[in-house]
1. Given the conditions (1) free of Cβ contacts under 8 Å to residues at least 40 places away in the same chain; (2) closer than 17 Å to Lys20 by Cα; (3) surrounded by 14 or more Cβ atoms within 10 Å (Cβ to Cβ), which single one is not true for Tyr79?
2. Please note which helices (runs of 4 or more DSSP H) are completely contained in the stretch 71-153 and include at least 3 residues that are under 25 Å from Ser33 (Cβ atoms).
3. Does at least one position in the stretch 54-73 carry a residue that is touching a strand residue (DSSP E or B) at 6+ places or on another chain (Cβ under 9 Å), of a type in the set (A, V, I, L, M), surrounded by fewer than 19 Cβ atoms within 10 Å (Cβ to Cβ) and within 19 Å of Tyr131 (Cβ to Cβ)?
4. Can you find a residue that is modelled with pLDDT of 95 or more and closer than 22 Å to Asn25 by Cβ anywhere in the stretch 110-120?
5. For Ile27, work out the one condition from (1) in a strand (DSSP E or B); (2) in contact (Cβ under 8 Å) with a residue 40 or more places away in the chain; (3) over 22 Å from His125 (Cβ atoms) it doesn't fulfil.
Amino acid sequence: MTDITYLIFNGQKLYLSAIKDLYNNEIVAYHISQRNDIKLVIDTLKKAIKKRNVNGLLLHSDQGFQYTSRQYNNLLKRYNIKASMSRKGNCLDNACMENFFSHFKAECFNLYSFRTAEEVKDAVHKYIRFYNHQRFQKKLNNLSPYEYRTQAA
C-alpha cells in the first residue's frame, strides 16, 4: 500500500511518500521531497524495487494524479507489479497507510519543532527505523514488523 502525507514545519512543507507491506505493516520504502509530484512516487517505488522482489506484487493506492500517471504505471508494468486503486471518494481504502502517518505524526513529528528540512528528514528516518525494528504491534503478536517477518521466515 502506498500514499503521501505532507509535513509542515517552520513555514515550509515537505511531502513524505511511503510504501507499507500489509503482511507485517513494515515500511518497505519511503522518499521525502519538496514537491508532491510524479517523481516523488516513482523515487519511492524505485527504492522498494531495490529492496524487495516485487514481481507479481499488488500495490494499492488512491487515484491521485501521481498514481494514475503514465510514467508510474509504466514502471509498475516493467516490474510486473499490479496496481490496485481506491474507489473515488473512499478514503477508507487507504486507512492502513493513514494509520501509519497518524502514528508517525503523533509519536514523533508533532512532538518537536523542526527548523530545517534536514532535521525533518532525520526524524523521519529514525522513526521509520524504530517503527520497523522496535515498535511492537498487537496485531503482530506484540512483535515489531521486522521481528514478525523474520520469525515467519
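1. Only one criterion in (1) free of Cβ contacts under 8 Å to residues at least 40 places away in the same chain; (2) closer than 17 Å to Lys20 by Cα; (3) surrounded by 14 or more Cβ atoms within 10 Å (Cβ to Cβ) is unmet by Tyr79, namely (2).
2. Numbers: elements: 95-107, 117-133, 145-152.
The qualifying helices (runs of 4 or more DSSP H) are 95-107, 117-133.
3. no
4. Our first condition is that a residue be modelled with pLDDT of 95 or more; within the stretch 110-120, this holds for 110-120.
Going one step further and asking which of them are closer than 22 Å to Asn25 by Cβ, we end up with 110-111.
Yes, that holds for at least one residue.
5. Result: Ile27 fails condition (3) only.
The values are calculated or read from the model by the stated rules, or taken from the named source; none is laboratory data. Fair warning: this is a prediction, and the values are worked out from it, not measured in the lab. Here Cβ is always computed from backbone atoms with ideal geometry, including for glycine, and neighbour counts include all displayed protein chains.
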